[in-house]
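Trainee: Please find one structure pasted underneath; my questions will follow.
Values quoted throughout were computed directly from the atomic coordinates according to the rules given, and no laboratory measurement underlies them. No experiment lies behind these values; they were computed from the predicted model shown. Please note: Cβ atoms are built from the backbone with ideal geometry, for glycine as well, and neighbour counts cover all protein chains shown.
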């Protein structure tokens with residue numbers, strides 16, 4: 001396809017940022033990959049590898065590494081923000097200090113900030129100088145960096161309050177290996193991407209306990225119901241959770257050994273403490289922090305989220321994981337379609353009002 005060639009800075013040289021840099025480079029864009037570790041940037045520029053995060057991948061020589069943020073941002077209008085949720089505020093403040101040209105910021109992280117309970121797009125809008133921010137676009141969906149970097153078929157969704165901007169980012173990324181759909185539901189896409197990490201932790205715990213596929217299928221199915229309950233209460237379209245940013249991302253994160261959240265849960269299920277797990281992982285496990293935020297959101301919106309509540313107690317209150325899973329199975333009987341009926345009823349009431 002004929003596409004406009006852009007200068008794009010990818011902020012965050014971890015596995016996901018590097019994989020997306022490969023996609024952008026394959027599409028002929030000028031790609032600048034920023035990271036704060038100078039030795040890692042030297043490796044990207046001279047060896048064309050990023051072995052800590054993607055050990056078996058040779059990077060295109062057209063990807064240029066930058067350790068200077070101001071140099072990476074010079075004379076461009078699009079950045080891909082690929083840093084952990086907890087680093088978003090700090091990085092945005094550094095971007096503002098560089099006084100770049102007005103930017104479209106595409107965030108590709110998946111989380112919610114505890115205590116403030118803000119989605120990532122809201123954090124960006126809160127911290128970014130309005131004169132420097134053109135649009136915020138969200139990219140999310142079932143997309144392990146390890147597979148994207150191998151150019152395996154992958155599909156994702158993009159969303160924004162400005163759908164023209166979302167369509168522009170769709171054009172930026174889409175190719176024969178990386179298919180991009182648009183979705184106008186910003187809240188649903190961000191909530192689905194963030195909360196699936198909680199369910200992946202629970203699925204990993206279940207597998208670590210040796211409970212098998214039946215238990216994991218139950219956790220995934222009921223977990224999706226929890227995500228849809230909360231997301232809809234927050235203003236999302238329930239149909240979003242049946243798409244790429246909902247069930248698609250949930251499946252891949254709960255079932256793959258590439259998933260950090262599944263691996264962390266698996267270690268918890270096998271008896272390791274949370275501190276041991278996080279030390280062993282060596283990378284951010286977004287689901288831990290998001291569990292706290294989702295627990296707070298469930299209280300704020302008065303939404304029943306039993307899996308989230310149990311996982312919160314496992315992570316932060318010392319609940320034995322086996323006892324937690326057994327407590328979920330022992331809950332009072334209910335009607336399976338109750339969630340769907342309640343969601344539809346609430347949306348009908350909102351439309352009437």
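Trainee: If contacts are Cα pairs under 8 angstrom and at least 6 residues apart, what is the relative contact order of the stretch 187-352 in percent?
Mentor: Working: 216 pairs, mean separation 48.2, N = 166.
So the answer I get is 29 percent.
Trainee: Could you tell me the distance between the Cα centroids of the stretch 244-314 and the stretch 32-68, to the nearest Å?
Mentor: Taking the Cα centre of the stretch 32-68 as reference, the centre of the stretch 244-314 is 29 Å away.
Trainee: Sticking with this one: For the chain, what proportion of DSSP beta bridges, expressed in % and rounded to the nearest 5, is antiparallel?
Mentor: 20
Trainee: Out of 214, 261, 175, any idea which swings most in a Gaussian network model of the chain, alpha carbons joined below 10 Å?
Mentor: Residue with maximal mean-square fluctuation among 214, 261, 175: 214.
Trainee: Here is a follow-up. For the stretch 92-150, what value does the Rg/Rh ratio take when both radii are computed over Cα atoms and Rh is the Kirkwood radius, given to two decimals?
Mentor: On the way: Rg = 13.4 Å, Rh = 12.9 Å.
Here Rg/Rh amounts to 1.04.
Trainee: Which of the peptides 176-184, 193-201 is most tightly packed, and how do the rest follow, going by the mean number of other Cβ atoms within 10 Å of each residue? It would help to have the intermediate numbers written out before the result.
Mentor: Values: 176-184: 16.8, 193-201: 31.4.
Result, highest mean first: 193-201, 176-184.
Trainee: Taking the Cα-to-Cβ direction at residue 327 and at residue 164 and moving 7 Å from each Cα, how far apart do the two end points lie in nm?
Mentor: About 5.2 nm, to one decimal.
Trainee: Based on Cα positions only, what radius of gyration and what Dmax would you give for the stretch 160-307, in angstroms?
Mentor: Rg then Dmax for the stretch 160-307, in Å: 16.1, 49.
Trainee: Rounded to the nearest 500, what is the 222 nm mean residue ellipticity of the chain from helices alone, with -39500 (n - 2.57) per DSSP H run of 4+ residues and division by all residues? Write out the running numbers ahead of the final one.
Mentor: Working: 16 runs with 180 residues, N = 353.
Counting only the DSSP helices, I get -15500 deg cm²/dmol.
Trainee: Given a 10 angstrom Cα cut-off, can you work out which residue in 54, 139, 268 is the most mobile in a GNM of the chain?
Mentor: Comparing 54, 139, 268 in a Gaussian network model of the chain, the most mobile one is 54.
Trainee: Could you order peptides 276-282, 157-163, 297-303 by the average number of other Cβ atoms within 10 Å of their residues, highest first? Intermediate values should be presented prior to the final figure.
Mentor: Details: 276-282: 13.3, 157-163: 21.3, 297-303: 14.9.
Highest-to-lowest ranking by the protection proxy: 157-163, 297-303, 276-282.
Trainee: Take each of the peptides 69-80, 26-37, average the number of other beta-carbon atoms within 10 Å over its residues, and list them starting from the highest. Spell out each step's value before the answer.
Mentor: Details: 69-80: 18.2, 26-37: 19.9.
Highest-to-lowest ranking by the protection proxy: 26-37, 69-80.
Trainee: What nm distance separates the two modelled labels at residue 61 and residue 46, each placed 7 Å from Cα along Cα→Cβ?
Mentor: 1.7
Trainee: How big, in percent, is the set of alpha carbon pairs in the stretch 7-184 lying more than 25 Å apart?
Mentor: On the way: 4234 of 15753 pairs.
Here the tail beyond 25 Å accounts for 27 percent of pairs.
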